[in-house]
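The values are calculated or read from the model by the stated rules, or taken from the named source; none is laboratory data. Bear in mind the structure is a predicted one, so any value in this text is a computation, not a measurement. We place every Cβ from the backbone using ideal geometry, glycine too, and count neighbours over all the protein chains shown.
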Amino acid sequence: MELDHNEALAIIAELQRWHDEARSLIDDAADKSKLSSNSIDHLKIRLTKLKDEIKDAAKHETLSRRKVPKTDLEQFFFGPAVRSTSANFRMRTDTSPRSEKWNQGLHEVEHELSYALHNIQGSLKTNS
């Protein structure tokens, strides 16, 4: 399969952005003693946005988020990545950042995205 490098980079950027946001949500909730009700509300809003974006991407499995024919890269990399991440994004959006479930749930998402990034980056290197 011939890889479109620009499309591959766009997929990597999207997956990396979600990965970085999951990591940021973990890090921003790390010091439980500094979590105010306002910061907790803000973290939950960010969590909801992340989850909604991933679920939305999983509906059509395309970068455009539209029902159009998938490219090879979307079919082999983006689609499986968003399907798997969406399916494993089991934590509820009302989970408290003070809860262990916060870290566990976000680590699952981060792991799924890391795996997907590793796969597409490896294929990109192989086809360079």
(request) Inspect all residues belonging to segment 7-15 and state whether any of them is surrounded by fewer than 18 Cβ atoms within 10 Å (Cβ to Cβ) and either of a type in the set (S, T, N, Q) or touching a Pro at 6+ places or on another chain (Cβ under 6 Å) (or both). (result) no
(request) Answer with yes or no whether Glu14 is in a helix (DSSP H, G or I) and either modelled with pLDDT under 95 or farther than 22 Å from Gly122 by Cβ (or both). (result) no
(request) Check Ser114, Ser96 and return the single one that is modelled with pLDDT of 95 or more and either under 13 Å from Trp18 (Cα atoms) or of a type in the set (A, V, I, L, M, F, W, C) (or both). (result) Ser114
(message) Please determine whether any residue of segment 19-26 is part of a helix (DSSP H, G or I), charged (D, E, K, R) and touching a Leu at 6+ places or on another chain (Cβ under 6 Å).
(response) yes
(request) Determine, yes or no, whether Lys55 is in contact with a Gly (Cβ under 7 Å, 6 or more places away or on another chain) and either in a loop (DSSP other than H, G, I, E, B) or free of Cβ contacts under 8 Å to residues at least 60 places away in the same chain (or both). (result) no
(request) Go through the residues of segment 25-38 one by one and say whether even a single one is more than 20 Å from Gly122 (Cα to Cα), in contact (Cβ under 8 Å) with a residue 60 or more places away in the chain and loosely packed, with under 14 Cβ neighbours inside 10 Å. (result) yes
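Confirm whether Glu74 is more than 18 Å from Asp27 (Cα to Cα) and acidic (Asp, Glu).
Judged against the criteria, Glu74 is a match.
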(request) May I ask you to list the residues in segment 76-128 that are in contact with a Lys or Arg (Cβ under 9 Å, 6 or more places away or on another chain), of a type in the set (Gly, Ala, Ser) and not in a helix (DSSP H, G or I)? (result) Ser96
(request) Mind listing just one residue for me: the one in segment 48-70 that is among the polar types (S, T, N, Q) and surrounded by fewer than 18 Cβ atoms within 10 Å (Cβ to Cβ) and, of those, nearest to Pro97 (Cα to Cα)? (result) Thr48
